[in-house]
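Asks: Here you go, one structure.
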Amino acid sequence: MSLRIAGVLALFGLLTGVAAAQQSAAPSAAPSAASGPGEAAAPPLARPEPLPKEHPLQRALVTITSDDLRDSETWLADDARQGRCAGEPSCDEAAEWIADRFDEDGLEPCGADGGWFQPFEFPVRGGKKMATTRNVVALLRGSDPVLKDEYVVLGGHYDHVGTSASADAGRIGGPIGDDKIWNGADDNASGTSSVLEIAQALALGAVPTRRSIVFVAFSAEEQGLLGSLNYCQNPPFPLEKTVAMVNLDMVGRATKTGIELGALGSLQGGLWNRLCDAAWRAAPELDLASHRLAYSEPGSDHHSFIQHSVPALYVFTGYHDDYHRVGDSVDKLDLEQMAKICRFVTALTVELADCTESMKFEMPRFEGRQRKTLGVGVDGALDAAKAKALGLPDDQGGYEVTSITAGSVAEKSGLAVGDVIVSIHGKPISSDDPLRSLQRLIGGAPSKKDVEIGVLRGGKPVTLIARWE
């Protein structure tokens, strides 16, 4: 997940307020399939019946395992990969490995000059020099004589933010002891591993699809969605023949608040919801109802496709305190949940490839969460011990303020360094998923009205008044 683009929703951005001109945002939570901030929630969806055992798709689904995902994650997020920073040799090594995986599964290369790679130059973030990196692009050809020339893109970025010696692509925090490598197991070895697992399942499961499927491992996402932008500007297949894109970014952590499906408004007529409902049968154990967002937030590679009028959906399991930090490691992943997400996305990809309904793009709303900022710096949510010491109940979390942006809503409200924010607009920050909770509370706070900010100051509760004009 790009901190450069996702600034306002990551720990630095949502709170500090990155300039709107940077299009700063990333996926965040919402209560229902069609709702945005201030809208009524749709009725909850019932979990579907699972696919029957004799369903043809089961040939692919049974090949998806948590052990496979662990193997891919372990390789991608190993210290030997040096954090996979775009433009560095370790990122090129990862690209070669991904290409080898596509080749082993019998996919067709569709990069430049008939190879696997789509190389491009980019300006290294924080410096003046240029670097070269590569997308990895593979094809599973469709079976319909006409529709095989239409395409579904399934992608996720494989780059991350490197080491303490790398150009800064959005690292948060510093080394922990001797550990100076930001491994990026969730961001985004999880999405890359999932793309590889789904490609293997569809290829080895010999599941015929009417349309062709393009699998892309994007690079330089952390530099500002540059890999997906390059793909859209130099597509190996015409974008007007690309019916949809699915983006997997940060799909590896356990979540108690449901899997987030975003940008559902990019297909006319509620079609994304119907396709997701059909695919849900492949993994009915997942909560795929709680966080369906009609709107989009431009924090990852789906945004490049939306900006080029291609319907796109993202899958996301939420932020955590290891986001862009050294602690984003394989041992913290929920690999069984990842396997279920892969089964769902496999089924969704097939639904897209075989869809007989009209698939018409509609520009989704880009909701105001990325425009509504508080203007404070924080350094991770309270841990359980500190929350208990402050007298918070087990289900309430909070964030300690470490800096205040001049002229911000926070400064005008009277927030001070050392305050612990525990509630917004009378609603407590949840300890289950504190960052997503805070995103939701700030995004849902009314504009042009007084909003109460509940803080602990010196251990004592204080209510401040904030106002977003």
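The values are calculated or read from the model by the stated rules, or taken from the named source; none is laboratory data. Since this is a predicted model, take the numbers as computed values, not measurements. When we count neighbours, we look across all protein chains shown, and the Cβ atoms used for this are built from the backbone with ideal geometry, even at glycine.
Asks: Across the stretch 212-257, what is the number of residues that are of a type in the set (D, E, K, R), outside any loop (DSSP other than H, G, I, E, B) and in contact (Cβ under 8 Å) with a residue 24 or more places away in the chain?
Replies: Qualifying residue count, the stretch 212-257: 1.
Asks: If I ask for residues that are closer than 19 Å to ALA339 by Cα and aliphatic (A, V, I, L, M), which ones from the stretch 285-303 would you list?
Replies: LEU286, LEU288, ALA289, listed by residue number.
Asks: Could you please find all residues in the stretch 445-469 being surrounded by 19 or more Cβ atoms within 10 Å (Cβ to Cβ) and within 27 Å of the chain's Cα centre (by Cα)?
Replies: Within the stretch 445-469, just ALA445 meets the criteria.
Asks: With the condition kept exactly as written, say whether any residue in the stretch 315-326 is aliphatic (A, V, I, L, M), modelled with pLDDT of 95 or more and under 17 Å from the mean Cα position of the chain (by Cα).
Replies: Looking through the stretch 315-326, at least one residue is aliphatic (A, V, I, L, M), modelled with pLDDT of 95 or more and under 17 Å from the mean Cα position of the chain (by Cα).
Asks: As an exercise: evaluate MET1 against (1) modelled with pLDDT under 50; (2) surrounded by 15 or more Cβ atoms within 10 Å (Cβ to Cβ) and give the number of the one condition it does not meet.
Replies: Every condition holds for MET1 apart from (1).
Asks: Out of curiosity, is THR346 in a helix (DSSP H, G or I) and either in contact (Cβ under 8 Å) with a residue 12 or more places away in the chain or buried (at least 18 other Cβ atoms within 10 Å of the Cβ) (or both)?
Replies: Values: in a helix (DSSP H, G or I): yes; either in contact (Cβ under 8 Å) with a residue 12 or more places away in the chain or buried (at least 18 other Cβ atoms within 10 Å of the Cβ) (or both): yes.
Criteria met by THR346.
Asks: Taking the options GLY258, GLY327, GLY227, name whichever one is in the same structural domain as ASP92 (by TED's automatic domain parsing), surrounded by fewer than 21 Cβ atoms within 10 Å (Cβ to Cβ) and in contact with a His (Cβ under 7 Å, 6 or more places away or on another chain).
Replies: GLY258 is the lone residue from the list that is in the same structural domain as ASP92 (by TED's automatic domain parsing), surrounded by fewer than 21 Cβ atoms within 10 Å (Cβ to Cβ) and in contact with a His (Cβ under 7 Å, 6 or more places away or on another chain).
Asks: Among the residues in the stretch 431-452, are any at pLDDT 85 or above, outside the structural domain of HIS324 (by TED's automatic domain parsing) and touching a helix residue (DSSP H, G or I) at 6+ places or on another chain (Cβ under 6 Å)?
Replies: The answer is no, given that none of the residues of the stretch 431-452 is at pLDDT 85 or above, outside the structural domain of HIS324 (by TED's automatic domain parsing) and touching a helix residue (DSSP H, G or I) at 6+ places or on another chain (Cβ under 6 Å).
Asks: Inside the stretch 124-140, can you point out the residues that are surrounded by 15 or more Cβ atoms within 10 Å (Cβ to Cβ) and either assigned to a helix (DSSP H, G or I) or not β-branched (Val, Ile, Thr) (or both)?
Replies: Passing the criteria: ARG125, ALA131, ARG134, ASN135, ALA138, LEU139, LEU140.
Asks: Same structure, new question: Between ASP277, ASP321, which is part of a loop (DSSP other than H, G, I, E, B), in the same structural domain as GLN58 (by TED's automatic domain parsing) and charged (D, E, K, R)? Full working, then the answer.
Replies: Values: ASP277 fails: part of a loop (DSSP other than H, G, I, E, B).
None of the others qualify; the one that does is ASP321.
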